[in-house]
1. Can you tell me the mean projection area, over all orientations, of the convex hull of the stretch 91-212's alpha carbons? Units nm², please.
2. Can you put HIS96, HIS270, HIS319, HIS110 in order of accessible area, largest first, using a 1.4 Å probe?
3. Distance between Cα centroids, the stretch 155-205 to the stretch 38-62: provide it in whole Å.
4. Work from the charge dipole of the chain (Cβ charges, +1 for Lys and Arg, -1 for Asp and Glu, about the Cα centre) and give the residue of ALA183, LEU340, ALA260 farthest towards its positive end.
5. Run through all the Cα pairs of the stretch 18-130 and give the fraction in each 10 Å bin from 0, expressed as whole percent.
6. In debye to the nearest 20, how big a dipole does the chain give about its Cα centre with +1 on each Lys and Arg Cβ and -1 on each Asp and Glu Cβ?
7. Could you please state how large a percent of the accessible area of the chain is carbon and sulfur, counting protein chains only and using a 1.4 Å probe?
8. Pick out which of ALA165, ALA93, ALA366 has the largest mean-square fluctuation in a Gaussian network model of the chain, springs linking Cα atoms closer than 10 Å.
Amino acid sequence: MVKVIKAGKSQEEVVANDTKVSEIVSEALKAVENRGDHAVRELSKKFDKWSPESFRLSESEIKEIVAQVPDSVIEDIKFAQTNIKAFAEAQLASLHNVEVENIPGVILGHKNIPVNSVGCYIPGGRYPMVASAHMSVLTAKVAGVKRVIACTPPINGEIPKATIAAMYLAGADEIYLLGGIQAMGAMAIGTETIESVDMIVGPGNAFVAEAKRQLYGRVGIDLFAGPTETLVVADHTADAEMIAIDLLGQGEHGPTSPGALITTSEELAHETIKEIERQLDTLPTADVASVSWEDYGQILVVDSIEEARIEADRLAFEHVEILTENPDYFLEHMTNYGCLFLGPETNVAYGDKVIGTNHTLPTKGAARYTGGLWVGKFIKTVTYQKVTPEASAYIGEYAARLCLLENFEGHARQAQLRVDRYSK
């Protein structure tokens, strides 16, 4: 039995807000489609108060910016990128081309081919998301993508130097100081000065996420990523202090970031509420985290670990921390999540910034059918076939009959031609 200690906003309220965002994005993308660079510049002025001579940074400008970043920051970026690259390379090594001869003379196979061009969005705004450069640009480069471009917005009219450094060190081929809907539209649709790409990736605010949704089909995307979600599953072995900071730490992403606790201990549930209130008094980002917790926070009390697992799979959250006596139970049995963080020694911040797994993950229930960004997202698995004359005559007889079964006369004739031509 599930007991709701705290509930967030209703689905109806969430949908109403999404509708407003959708309308704004649709109009902006139409403008980019119709007026190219001119519209991009207008949108950049409107949303970011930014209108440089060129949105693209030159090689000399990039090097000058990177040179201004403290050596300690560069070393930290390199440390994170080393971990992310190593894990991405291990994932790439798991992908293999396949070729089989399942009938004598019939060769079937698949090849793994990288996408030719990718546009990566690195969010800015209140938080310069330096780590998103590693997660997208670097992963695409490991996958073998030939052209990787990256966009990030200015922050209050200033260049986010550390983010530019991360993009550069990750291997971006083109870097643009351009944000929001206009960046997504420019990369996907193309303008007079920005060549369009085959795929766009990366996290962002509600407007960026909606732009990806509307552009999907014209270009590929990594996944539909909404506001950050964090779920903590805890039993009697967990402590309220850790649960509170792990929820609030992710709630500071934005005022619509859901945070949830599923626990077998009602006492721990109430302690966590008190601890969250206490920590909000001293958290510098409480103005955002308090809103996300008040509007989107949830606490559920369940009777057993098995019931906790069922509820966690139902929520299908992006980040799932397991603070229980036996965390591996969830690794073995849970199926719907973006990334699992097993045990108190790890946490979502490690995954977000440095440890090596990718932080672009499914939200809004998408974990039911997809995982997060990884090298495989940048790779197309395509098939091919080769057939000997003898095998073609043999296969053709089956194919012709099966095509006629479906009333495809033209299909059947394709097959019958091979039977007639290649039969001995």
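The values are calculated or read from the model by the stated rules, or taken from the named source; none is laboratory data. Only a predicted model underlies this, so the values are computations on that prediction, with no experimental measurement involved. Every residue, glycine among them, receives a Cβ derived from its backbone with ideal geometry; neighbour counts consider all protein chains shown. Areas reflect the complete protein model, heavy atoms only, side chains present, ligands, DNA and RNA absent. Shrake-Rupley method; radii C 1.70, N 1.55, O 1.52, S 1.80 Å.
1. Details: hull surface 38.3 nm².
For the stretch 91-212, the mean projected area of the Cα convex hull comes to 9.6 nm².
2. Numbers: HIS96 120, HIS270 85, HIS319 5, HIS110 50 Å².
Sorted by accessible area, descending: HIS96, HIS270, HIS110, HIS319.
3. Each part reduced to its Cα centre gives a spacing of 10 Å.
4. Of the listed residues, the answer is ALA183.
5. 9, 21, 26, 24, 13, 7, 1
6. Values: 38 positive and 59 negative charges, 444 e Å.
It works out to roughly 2140 debye.
7. Answer for the chain is 53 percent, counting heavy atoms of protein chains only.
8. ALA93
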